[in-house]
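Quick notes on the structure that follows.
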There are 2 protein chains.
Amino acid sequence: MFFDSIDFMAMTLALQQAKLSINSSPNPRVGCVIVKEKRIISCGYTKSPGGNHAEIDALLNAAAQGYDVYNSTVYITLEPCSYFGYTPPCTEALIKSGIKKVIIAINDPNPLVSGKGVAQLISAGISVKQGLMQKEAYEINIGFFSRMQRGIPWVRMKIASSLDNKTSLYNNSSQWITSKESRNDSHIWRARSCAILTGIGTVLKDNPRLNVRSIKTSHQPYRIVIDSYLRIDPFFRVLKGGGSCIFTATDLPMKRKILEDLGHEVIVLPNNLGKVDLQAVIIELGKRKINELHIEAGYQLNTALILEGCVDELLLYISPILIGEAYNMFTLPPHYSLDKKIKLKFHEIQKIGPDIRILARF
Amino acid sequence: MFFDSIDFMAMTLALQQAKLSINSSPNPRVGCVIVKEKRIISCGYTKSPGGNHAEIDALLNAAAQGYDVYNSTVYITLEPCSYFGYTPPCTEALIKSGIKKVIIAINDPNPLVSGKGVAQLISAGISVKQGLMQKEAYEINIGFFSRMQRGIPWVRMKIASSLDNKTSLYNNSSQWITSKESRNDSHIWRARSCAILTGIGTVLKDNPRLNVRSIKTSHQPYRIVIDSYLRIDPFFRVLKGGGSCIFTATDLPMKRKILEDLGHEVIVLPNNLGKVDLQAVIIELGKRKINELHIEAGYQLNTALILEGCVDELLLYISPILIGEAYNMFTLPPHYSLDKKIKLKFHEIQKIGPDIRILARF
């Protein structure tokens with residue numbers, strides 16, 4: 001399957017459009033570009049659930065500009081839907097529009113519908129090519145793919161550390177370890193997540209807001225606190241405005257009622273040790289249609305999540321400083337052989353201001 | 001001062017030539033390219049001490065190819081020497097050759113001669129331009145600049161660690177932490193160094209050879225061991241073949257004699273605490289014309305060197321693995337405020353096989 005330079009250019013633009021779909025979750029982020037006689041005549045992206053999908057958005061934009069899409073080529077970052085969801089199937093609209101060709105970056109990961117959109121287009125006489133910039137299209141929807149294929153979110157753990165791997169001083173002196181540039185960058189990752197999870201230790205120590213502030217967004221992620229002994233108090237900032245979710249191992253009905261009356265949810269999910277069952281939390285969040293889960297916690301919860309295999313990637317911001325004895329990133333137990341090491345793969349390395357950002361996958 | 005694309009091309013080639021000067025130390029690494037009527041007619045680089053400097057090498061290569069350098073432009077990565085050293089002054093040869101113009105990347109850092117080469121050329125009627133690709137030219141001779149300007153070598157500390165900052169297991173299980181690609185890469189850095197320094201702890205534990213093996217080189221760096229209590233034994237591999245240097249705080253005349261008879265040097269440089277005075281070692285190595293000092297030691301010596309301000313840059317190889325509780329890169333004491341942190345700057349980040357290589361400067 002060969003693609004030409006116009007194909008690459010159009011799909012690159014479609015991927016940029018997909019990145020605008022920041023509020024599409026639980027639906028995937030999708031972008032669409034329409035090309036006619038080698039000219040881009042329209043583009044579009046998927047809106048909030050219930051709003052238009054990328055294909056419909058692009059078709060409407062073309063019409064609004066007075067363009068006839070007949071005989072054109074449509075570039076879509078994900079296979080178009082072939083079924084009624086919140087909206088009618090996109091394949092139907094594409095077929096009706098008279099377009100000639102569809103180029104798709106990657107097929108729908110949902111095993112119940114994957115390939116069906118393509119089959120409908122082909123049986124309507126539309127030429128279909130697949131696999132253009134597939135990797136990039138997968139990355140944009142890594143959380144949606146994870147949930148569709150594994151039933152659980154893509155779990156990203158953010159950690160800011162010094163070059164000697166320390167995350168905070170023993171006296172919890174509250175200065176930032178990384179730069180303003182890194183902190184702003186980390187809000188972009190918060191914004192693309194469906195939910196942000198932290199532990200009660202971090203809530204008690206730092207009283208974080210767990211929202212997106214450094215960049216503009218119309219969507220604030222769902223806030224989740226892991227709190228085995230239900231020590232949280234309604235005045236912590238993470239509970240401001242209601243709508244947060246607390247996972248606990250201890251059912252304290254009175255306290256639960258107070259939190260529920262304030263619009264929060266309290267879910268009791270204990271393991272055998274009387275702590276929150278972290279794997280069960282991840283499964284529960286998958287059921288709640290969380291595509292990307294962003295973790296910003298302290299070393300204790302981070303260590304537990306890694307040891308229980310709950311994490312898919314580390315998002316590390318490393319500042320070029322040495323702090324000396326202080327809290328480590330993790331407190332993983334010692335191994336007696338390097339065969340027991342936990343293996344990752346560096347996915348991406350980038351300079352962010354004076355710091356380095358590393359994305360490493362398990 | 002403006003330079004054109006031919007200038008950049010020629011100086012880039014001259015810098016590549018300079019990198020071939022791997023055996024020039026204690027002299028600087030210098031490359032030279034001669035351009036006549038927009039064509040490169042010759043190039044050269046500085047040979048081992050006593051051999052030709054880059055300018056002479058390039059002039060001789062031109063003559064050997066039957067080229068007349070009259071009216072040509074000569075690109076040199078470092079200001080030509082204007083005095084008798086092991087060899088006659090290069091300025092003299094350049095003036096005699098009838099060249100028209102000289103373009104120099106960076107001036108000689110030696111305050112006693114800096115600018116004098118340029119002045120001689122100008123007074124002989126040769127047009128001189130300076131500052132083309134100055135930064136690159138500085139990097140190639142960072143050790144020579146350090147020794148000329150500060151009297152001490154440029155000190156580079158190499159560390160291989162896991163992503164959680166561990167350098168070896170508590171049981172010293174001897175597997176490698178980083179990949180073969182990283183280990184090969186680190187031998188390129190060993191090869192460009194004048195000397196490699198380690199501590200007795202590493203000698204006792206790993207019995208390293210401290211030589212260059214993974215790449216071809218005609219030059220092996222000087223081997224140095226820091227050994228406060230003179231615990232070393234002639235059968236360790238670092239002493240193979242003679243010519244190593246042991247810094248100690250304890251003069252044991254019998255043991256010293258055995259080592260000296262085997263062709264090693266033992267230097268007694270104690271501090272007030274009965275340990276080797278590390279700053280004095282660095283000064284002594286500067287006197288011995290060490291331009292670049294490469295350190296491969298364990299966490300104890302590494303920590304001491306950093307705390308005593310002896311290190312200019314860290315060369316870190318980070319493997320994408322988590323090891324858990326094990327030996328850390330350093331054991332710096334705790335700080336009680338982040339104002340006390342040790343600041344560095346990321347100079348370069350690169351992927352090496354599955355690992356990351358970071359160059360961070362103090």
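The values are calculated or read from the model by the stated rules, or taken from the named source; none is laboratory data. Just so it is clear, the structure is predicted and the values come from calculations on it, not from any experiment. Neighbour counts are summed over all protein chains in view; Cβ atoms, including those assigned to glycine, are modelled from backbone coordinates with ideal geometry.
Quick notes on this structure:
- Screening A:Val276, A:Val268 for residues that are surrounded by 20 or more Cβ atoms within 10 Å (Cβ to Cβ) and more than 10 Å from chain B (Cβ to nearest Cβ) leaves exactly one candidate, A:Val276.
- Condition met for B:Ala10 (among the hydrophobic types (A, V, I, L, M, F, W, C), on the phi < 0 side of the Ramachandran plot, surrounded by 14 or more Cβ atoms within 10 Å (Cβ to Cβ) and part of a helix (DSSP H, G or I)): yes
- For first residues located in the range A:23-37 and hydrophobic (A, V, I, L, M, F, W, C), partners that are modelled with pLDDT of 95 or more and assigned to a loop (DSSP other than H, G, I, E, B) and lie 6+ apart or on another chain with Cβ distances below 6 Å form the pairs A:Val30/A:Thr46; A:Val30/A:Thr77; A:Val30/A:Leu78; A:Ile34/A:Val69; A:Ile34/A:Ser72.
- Filtered residues of the range A:150-194 (kept if of a type in the set (Gly, Ala, Ser) and touching a residue at least 60 places away in the same chain (Cβ under 8 Å)): A:Gly151, A:Ala160, A:Ser161, A:Ser162, A:Ser168, A:Ser179, A:Ser182, A:Ser186, A:Ala191, A:Ser193
- Test: residue in the range A:301-323 that is in the same structural domain as A:Gly243 (by the TED database) and over 20 Å from A:Ile159 (Cα atoms): no
- A:Gly263 vs. criteria assigned to a loop (DSSP other than H, G, I, E, B), in the same structural domain as A:Tyr170 (by the TED database) and either in contact with a Leu (Cβ under 8 Å, 6 or more places away or on another chain) or of a type outside the set (Phe, Trp, Tyr) (or both): yes
- The residues on offer are A:Ile188, A:Ile177, and the sole one that is surrounded by 16 or more Cβ atoms within 10 Å (Cβ to Cβ), under 23 Å from A:Arg209 (Cα atoms) and modelled with pLDDT under 95 is A:Ile177.
- Candidate set: the range B:138-164, residues that are in a helix (DSSP H, G or I) and of a type in the set (Val, Ile, Thr); chosen: the one nearest to the other protein chains (Cβ to nearest Cβ): B:Ile142
- Yes/no for B:Ser218 being of a type in the set (Ser, Thr, Tyr), away from chain A (no Cβ under 14 Å) and out of contact with any strand residue (DSSP E or B) (no Cβ under 9 Å at 6 or more places or on another chain): yes
- For the range A:163-174, the set of residues classified as surrounded by fewer than 18 Cβ atoms within 10 Å (Cβ to Cβ) and at positive phi consists of A:Asn172 only.
- Residue count, the range B:236-263 (criterion: at positive phi and crowded, with 18+ Cβ neighbours inside 10 Å): 0
- Subset of the range A:296-330 [over 30 Å from B:Leu307 (Cα atoms), away from chain B (no Cβ under 13 Å) and assigned to a loop (DSSP other than H, G, I, E, B)]: A:Glu296, A:Ala297, A:Glu308, A:Cys310, A:Asp312
- Checked against (1) part of a loop (DSSP other than H, G, I, E, B); (2) under 26 Å from A:Arg192 (Cα atoms); (3) within 14 Å of chain B (Cβ to nearest Cβ); (4) hydrophobic (A, V, I, L, M, F, W, C), A:Ile290 passes all but a single condition, namely (3).
- Among (1) over 18 Å from A:Ile282 (Cβ atoms); (2) touching a Lys or Arg at 6+ places or on another chain (Cβ under 9 Å); (3) surrounded by 22 or more Cβ atoms within 10 Å (Cβ to Cβ); (4) in contact (Cβ under 8 Å) with a residue 60 or more places away in the chain - the single one A:Lys129 does not satisfy: (3)
- No other residue among A:Ser25, A:Ser48, A:Ser42 is hydroxyl-bearing (Ser, Thr, Tyr), crowded, with 22+ Cβ neighbours inside 10 Å and in a loop (DSSP other than H, G, I, E, B) apart from A:Ser25.
- Matching residues, the range B:332-357, being in contact (Cβ under 8 Å) with a residue 12 or more places away in the chain, more than 7 Å from every other protein chain (Cβ to nearest Cβ) and part of a strand (DSSP E or B): B:His347, B:Ile352, B:Asp355, B:Arg357
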